[in-house]
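Step one of this worksheet: look at the structure below.
Bear in mind these aren't lab numbers, they're just calculated from the coordinates by the rules spelled out. Remember, predicted model here, so these are calculated numbers, not experimental data. Positions of Cβ are generated from backbone atoms using ideal geometry, with glycine treated the same way; all protein chains shown enter the neighbour counts.
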Amino acid sequence: MKRRDWIKITSIGASSLLLPLGTAFTLPKKHAPLLNLSAKDFGTDFLWGAACAAYQVEGAWNKDGKGASIWDTFSHRKNKILENNNGDVAVNFYNKYKEDIALLKQMNFGAFRFSISWSRIFPSGTGSVNQKGVEFYHKVIDECIDNGLEPWITLYHWDLPQALEDKGGWTNREIIDWFNEYVSFCTQEYGAKVKNWMVMNEPAAFVGLGYMLGYHAPGEKGPYKFLKATHHACLAMADGGRVIRKNIPDAKVGSTFSCSHIDSYRDDPVNAFKDLGAVKRMDALLNRLYIEPSLGLGYPIDGLPALKRIERYFEPGDDERLKFKFDFIGLQNYFRVVTKKSVFPPFLWSKQISAEKREVDMNEMKFEVYPEGIYKVIKQFAKYDISNIMITENGVCYKDIVGNGRVHDPKRIAFFEAYLAQVLKAKEEGAPVTGYFVWSLTDNFEWSEGYEPRFGLVHVDFKTQTRTIKDSGYWFRDFLVKNK
């Protein structure tokens, strides 16, 4: 297979796991629709929303004064994106935001999570402000409010201004100050209207894939770049939280983290014991690395000793500066990870075993469909000193069946039924889960996989930009109306 026909899962070391893309999984026969599940079961104060991200939907990549981001640069390089796609147009949210917000309201959601493009506000990353970019987000926020939707803003969803990457990006400690300037401006500009803020989206992904493996923008590689970028991202995340709280005292401040339940591959007593170390190291990398510093626990060196090298990038006071008590933590779950002890890659000494090899249910990207995983990660994170957990992304990609003006996606409906049942189970057992955001509102540009994977509740014909609510969107409409 060609390189573009594979997808990498975040890993560390000289090599990384490669999973081939394929067709959608066959729904397990044991699954039956959970017809009695309704939004009312979660309580009337439970928040329901859908999400998107600036680079994945906006388009208008060089319009109205916007500067280039690292994804503009990266996606224009040959063979970096499946079929050499890019986000130049994406789903044209920049011009169709009113239509998309109206569709969200039509499906009875109460909140819209979207991100601000840093380079649309600061074309050069710092300094001069692009007023047309500022006005665009005012219009999006106002449209949400006019439609009775609560705006939830993510400040950094991976699209760093290219001008800052030219200075080292997340490997340059100065980025903490650059980020603070950006956060301060946005919160002062929009804080009177917006009270719900997420500092970053999945630092494990944008650092690991962007500064270790080179599979995502900016395409950098190497363990030392990874460690420097990790430390600076964690410092900036905590600093960003403090800036928001200073500028908007009544704000609800959070940040989002990708998370996966980790299991050992082998279950015989001898090998299962050997694999426990691999599970521990993988858990430290994927689930603990970016959240524990903010909780005052430091980096999880106990789980992954190689992380001790990160201490060479510390400056006096960093231990305290890393700490910030968020009002909520956003968990984002898509798949389970199954691993075993391995001599490769070094640093991690663990190898992920693909869902395809294990012959389990998979989505179109060959990720395992494992509903119990979201329950298990909620329970894991609930053990921390966290009073509020939001599911800020959860969703699935399948090939949709389009015909007669409808888009049929029964597998996606079954996915949400199964996963929501597990979220409810965790909530009923006392986990402080207070909201759920679907990924995603519309089909969109899925980073290095281009436009092939479709996660949306709304189907987008990328040639005509025509929107069609899928059956799963109507399922949510009916599911949510029972909560009113």
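Rounded to the nearest Hz, the phi-derived 3J(HN,Hα) couplings of region 328-343 under the Karplus curve 6.51 cos²θ - 1.76 cosθ + 1.60 (θ = phi - 60°) are 8, 10, x, 9, 10, 10, 10, 7, 9, 10, 10, 9, 9, 5, 8, 7, where x marks glycine and proline. Which log10 I(q)/I(0) values does the chain give at q = 0.07, 0.08, 0.11 Å⁻¹ under the Debye formula, counting every alpha carbon as one identical point scatterer? For the requested q values the scattering log ratios are -0.33, -0.44, -0.88. Once C-alpha pairs closer than 8 Å and six or more residues apart are averaged by separation and normalised to the residue number of region 3-481, the relative contact order reads 20 percent.
Peptides 323-331, 376-384, 310-318 ranked from most to least packed, by the mean per-residue count of other Cβ atoms within 10 Å: 323-331, 376-384, 310-318. Taking each of 325/411; 167/323; 66/228 in turn, the alpha-carbon distance tops 31 angstrom for 325/411. Residue-wise HN-Hα couplings along region 296-305, as the Karplus relation 6.51 cos²θ - 1.76 cosθ + 1.60 with θ = phi - 60° gives them from phi, are x, 9, x, 6, x, 5, 4, x, 9, x Hz; Gly and Pro carry x. Placing dummy labels 7 Å off each Cα toward the beta-carbon, the span from residue 474 to residue 320 is 6.0 nm.
Beta-bridge orientation, the chain: approximately 30 percent antiparallel, per DSSP, counting only bridges with both partners inside. With distances taken between every two different alpha-carbon atoms, region 321-442 has a Kirkwood hydrodynamic radius of 16.5 Å. Between residue 370 and 336, the built amide H atoms are under 5 Å apart, and every one of these is 5 or more places off in sequence or on another chain. Pairs from the table (193/252; 308/366; 225/308) lying more than 22 angstrom apart at Cα are 308/366. Arranged from fewest to most other beta-carbon atoms within 10 Å of their beta carbon, 440, 255 become 440, 255.
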